[in-house]
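Here is the structure we will look at, set down as structure tokens.
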């Protein structure tokens, strides 16, 4: 009896696997309409799960607005295929293979450069174009003609922060970076390089381990060197710890981070210690002057869940606070880039979509987007925001040459 | 490094060590009784953080603290009843795997329920007060952590050595079959041990997270591992050993970061584990294991 039962169960499992394999993309869905699949390669759990999911919200919202596409006169439904890369380089490869096996036509993501770099080779081999939303390390797109991105680069952010320091007359700065984290070390490294060029002395360069929760030791060392500015690009889990422990130790200078730090949870979690910190960012929501795509993003298109804009969508559908994270806007733009490229290519084939991406020019939420020969978005200025009265307030635009 | 900086580092190290000691005692108590390494202990510590966040949101803080302590204690007893006690007569390895299972269950449950976004830990009035002595700047909680830890250990030693329940605990840890033949209620004693272990984890969690201001689903895993090392270092099964181990790991870690070797701070903790197991497997205060035939 037991043997028979296990045999039946094995058969059931085998059949369900076959059933899974059958539902590929670009085929007929059950309802009879044609479907094109876009993969969402984002961390929804793990260290960067918090930020990753915010990008997914932007992508889902864009998918609700642009949900069908005309290819060769036929309507295709755009379906998102979400996988969780768990903020882990090994898991990222598994997730990437899942996407490739799922026959997606394009891929969006990921939050966190490390996982994007790990998965990039696989996407390239499978000839599926990937569009990063906020992965800012140069290595993501470098030498990989199938990886694009809609955001600034690490060197750019580090350089911008250095220019900011120069503009404000800081002459002694300190850097804190996370060991083995491509994003953190990337920003930190380029900040140091730019500071040397700008004649700013870097008095301390400290490093910490992933998941570290005690920064007092390195902060005590930094305090002894008396810097006027501390640059600490790192994850949103780390930021409130660095901020509150620095203030507790009596460090009063300004502290700055990269784009990941522009996140309401940091202000909340730092219990007031975030006051006065600065971040570089990709996007500044301004409903009053919004036109075109940004207006659609902020004010909605009048239909169903997306009727009144992204802010309401976050509250009503995703049950999140109403503040718009910059990465959600980038997620929206990445989706839009994929959508427009598919439309231009008139094909579900990865290679054709890639070729279309290289020639694509469009206006997204975060401004005009076109891709250079590396696949990076062409941008030359960044927003700097400062926390004032527990809110991110736009401070200045920093341009570099 | 000047004198002031040295004092500042010492203070940080002792405070971190105090928290580690409280968690390490939880490992040691359970190991002493059941010969089980309760891998879920670090995650109980993390869940205690979430209990505090939610109870603080609706209750005044003294009651919220009590609610947190009670809930965490119940969680510890519940885990023992559900995941460990049915395996009482199973090989020790099965119980250990069950413990690892519980650990992952708690982490993933927390991710599912509360998301991976770090949640702000409430500020208990008074604890975050900044204190400045000369050039040294610290918070009240940093100062009281080691004091609370030592008081708790003194109380615990009294409980184990002088009370009837403590005597039962010691008897069960020696030979639980013989103890139950002598009329000691086995399950009650084990539950009591888990209750104390979890209670200490809750106290540790309040002190630890007040200083670090955020809780996320994985915030218990690394402290959990380090405290396990602390318990082994001091001699697993020994309460003073766990205390000493906790302080040792906390202080060493801070020193290593302070001299600019952050890269190796975690590696160091695990090197301590390996070295200790090689030269003195029973730890500093561990009992010599005599196999009775």
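The values are calculated or read from the model by the stated rules, or taken from the named source; none is laboratory data. On a predicted model such as this, the values are computed, not experimentally measured, just so you know. Cβ coordinates were reconstructed from backbone atoms using ideal geometry, including for glycine residues, and neighbour counts include every protein chain displayed.
Brief remarks on what is shown
- For region A:368-401, the set of residues classified as in contact with a helix residue (DSSP H, G or I) (Cβ under 9 Å, 6 or more places away or on another chain), under 30 Å from residue A:36 (Cα atoms) and assigned to a strand (DSSP E or B) consists of A:369, A:370, A:371, A:377, listed by residue number.
- Qualifying residue in region A:16-27 (condition: outside any loop (DSSP other than H, G, I, E, B), modelled with pLDDT of 90 or more and more than 25 Å from the chain's Cα centre (by Cα)): no
- Qualifying residues in region B:112-137 (those that are at the interface with chain A (Cβ under 8 Å from one of its Cβ atoms) and part of a strand (DSSP E or B)) - the one nearest to residue B:217 (Cα to Cα): B:119
- Scanning region A:263-283 for residues that are within 14 Å of chain B (Cβ to nearest Cβ), surrounded by 21 or more Cβ atoms within 10 Å (Cβ to Cβ) and within 30 Å of residue A:332 (Cα to Cα) yields A:263, A:265, A:266, A:267, A:269, A:270, A:274.
- Condition check for residue A:230: in contact with a strand residue (DSSP E or B) (Cβ under 6 Å, 6 or more places away or on another chain), more than 9 Å from chain B (Cβ to nearest Cβ) and part of a strand (DSSP E or B): yes
Conditions (1) crowded, with 17+ Cβ neighbours inside 10 Å; (2) within 14 Å of chain A (Cβ to nearest Cβ); (3) on the phi < 0 side of the Ramachandran plot, marked per residue:
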residue: B:11; (1), (2), (3): yes, yes, yes
residue: B:48; (1), (2), (3): yes, no, yes
residue: B:53; (1), (2), (3): yes, yes, yes
residue: B:70; (1), (2), (3): no, no, yes
residue: B:110; (1), (2), (3): yes, yes, yes
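- Criterion applied to B:109, B:74 was being more than 23 Å from residue B:185 (Cβ to Cβ) and in a helix (DSSP H, G or I), and the one residue passing it is B:109.
- Note on region A:110-200: enclosed strands (runs of 3 or more DSSP E) holding 1 or more residues that are in the same structural domain as residue A:81 (by TED's automatic domain parsing) are A:130-132, A:147-149.
- Looking at region A:266-347, the helices (runs of 4 or more DSSP H) lying wholly inside it that each contain 1 or more residues that are in contact with a strand residue (DSSP E or B) (Cβ under 7 Å, 6 or more places away or on another chain) and touching a residue at least 12 places away in the same chain (Cβ under 8 Å) sit at A:292-299, A:326-345.
- In region A:371-391, the residues that are surrounded by 16 or more Cβ atoms within 10 Å (Cβ to Cβ) and at pLDDT 85 or above: A:371, A:374, A:375, A:376, A:377, A:384, A:385, A:386, A:387
Residue-wise test of (1) at negative phi; (2) without any contact (Cβ under 8 Å) to a residue 12 or more places away in the chain.
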| site | (1), (2) |
| --- | --- |
| B:199 | yes, no |
| B:203 | yes, no |
| B:208 | yes, no |
| B:221 | yes, no |
| B:248 | yes, no |
| B:251 | yes, no |
| B:260 | no, yes |
| B:264 | yes, yes |
| B:267 | yes, yes |
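- Region A:61-83, subset over 17 Å from residue A:295 (Cα atoms) and out of contact with any strand residue (DSSP E or B) (no Cβ under 7 Å at 6 or more places or on another chain), residue farthest from the other protein chains (Cβ to nearest Cβ): A:73
- Region A:236-261, residues that are more than 13 Å from chain B (Cβ to nearest Cβ), surrounded by fewer than 24 Cβ atoms within 10 Å (Cβ to Cβ) and assigned to a loop (DSSP other than H, G, I, E, B): A:253
- Hey, residue A:60 surrounded by 13 or more Cβ atoms within 10 Å (Cβ to Cβ), farther than 29 Å from residue A:235 by Cα and at pLDDT 85 or above or not: no
Quick grid of which residues meet (1) within 13 Å of chain B (Cβ to nearest Cβ); (2) within 21 Å of residue B:119 (Cα to Cα); (3) assigned to a helix (DSSP H, G or I):
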{"position": "A:207", "(1), (2), (3)": "yes, no, no"}
{"position": "A:219", "(1), (2), (3)": "yes, no, yes"}
{"position": "A:223", "(1), (2), (3)": "yes, no, yes"}
{"position": "A:234", "(1), (2), (3)": "yes, yes, no"}
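- Subset tally (residues that are within 13 Å of another protein chain (Cβ to nearest Cβ), out of contact with any strand residue (DSSP E or B) (no Cβ under 7 Å at 6 or more places or on another chain), farther than 13 Å from residue B:38 by Cβ and not in a loop (DSSP other than H, G, I, E, B)) for region B:212-232: 5
- Condition check for residue A:38: at pLDDT 85 or above, closer than 30 Å to residue B:113 by Cα and more than 14 Å from chain B (Cβ to nearest Cβ): yes
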